[in-house]
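Peer 1: Pasting a structure below so you can have a look.
The values are calculated or read from the model by the stated rules, or taken from the named source; none is laboratory data. Nothing here was measured: the structure is a model prediction, and the numbers come from that model. Methodologically, a virtual Cβ is constructed for each residue, glycine included, from the backbone with ideal geometry; neighbour enumeration extends over all protein chains shown.
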Amino acid sequence: MTETADSNPFTHDTVREAYAKVAEGGSCCAPSSSCCGAEINPVASEQMGYGAEQLAAAPEDADLGVGCGNPTAMAGLKAGDTVLDLGSGGGLDCFLAAKEVGPKGHVIGVDMTPEMISKARANAVKGDFGNVEFRLGEIEHLPVADASVDVILSNCVINLSPDKAQVFRDSFRALKPGGRLHVSDVVETDPLPDHMKNDKQLICGCMGGAASVGALFDWLEAAGFQDISIDVSEASRTFIADWAPGTGVENHVASAAITASKPKAATPA
């Protein structure tokens, strides 16, 4: 299955503007009940796989309700790991990772929205997270050195990229040999109609820009990853239906747990 990496017709500016509104306490271009909605419901976050204790341990403003899973739960983080979070938002997954890697570990959150970076940095100060930093940048061109991180996390962000193949290529570059990728994201399980693919609300709402399972596998493999797994959650269609009521988009997309690893003796992709 082959798809073009530039199938998303909207630009970084469109998505950046939408998520700036979320950072400032408003809603993005999606319906208010969606993953981008302004009303944050802790029960909804628990539905995504977060435990009540996890949510209580992070600064309140870190949970913006914009995820579709809990990538830290599947990452198997160890003390001392260096972790990179793609599209870090308010910082929730970074703060959860920081607890796992401990004071000798390091967590880097990358987000392209200045308002999100400001919010996350304020949350880090508020929660006294000295082993976390946030960097402004695009996930297609990560502001980290080659082979510098042990684990990459991402939560419902790669589907927002207009060039997903490049996201995986640069993730491969950033990982140390033997490093791992753990992503929760929305994937296409049945071809999205053109009107959904081109719908600004559905794209910014983490649905319209979803790529097929086959395309994601191909892009990961082409980037050099091995041990690729894409586990689709049929149960996720229930909450996706709440994101965009009446559209039927839940019949075309679902949340998935995506994992892959960089070979220990890797050659450049």
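Peer 1: Do you know which of the residues in the range 95-106 that are outside any helix (DSSP H, G or I) and of a type outside the set (Lys, Arg) is nearest to residue 185 (Cα to Cα)?
Peer 2: Filtering the range 95-106 for residues that are outside any helix (DSSP H, G or I) and of a type outside the set (Lys, Arg), the one nearest to residue 185 (Cα to Cα) comes out as 106.
Peer 1: If you don't mind, there's one more thing I want to ask. Restricting attention to the range 148-166, does a residue exist that is among the charged types (D, E, K, R), part of a strand (DSSP E or B), at pLDDT 95 or above and more than 16 Å from the chain's Cα centre (by Cα)?
Peer 2: The answer is yes; a qualifying residue exists.
Peer 1: Yes or no: the range 17-27 includes at least one residue that is at pLDDT below 70 and closer than 30 Å to residue 176 by Cα.
Peer 2: no
Conditions (1) outside any loop (DSSP other than H, G, I, E, B); (2) farther than 16 Å from residue 19 by Cβ; (3) modelled with pLDDT under 95, marked per residue:
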residue	(1), (2), (3)
72	yes, yes, yes
84	yes, yes, no
93	yes, no, yes
108	yes, yes, no
116	yes, no, yes
119	yes, no, yes
134	yes, no, no
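Peer 1: Quick check on the range 121-132: of everything there that is part of a helix (DSSP H, G or I) and of a type outside the set (A, V, I, L, M, F, W, C), which residue is modelled with the highest pLDDT?
Peer 2: 121
Residue by residue, here is whether (1) surrounded by 21 or more Cβ atoms within 10 Å (Cβ to Cβ); (2) modelled with pLDDT under 95; (3) in a loop (DSSP other than H, G, I, E, B); (4) not charged (D, E, K, R) holds:
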position: 177; (1), (2), (3), (4): no, no, no, yes
position: 182; (1), (2), (3), (4): yes, no, no, yes
position: 216; (1), (2), (3), (4): yes, no, no, yes
position: 221; (1), (2), (3), (4): no, no, no, no
position: 239; (1), (2), (3), (4): no, yes, no, yes
position: 258; (1), (2), (3), (4): yes, no, no, yes
position: 263; (1), (2), (3), (4): no, no, yes, yes
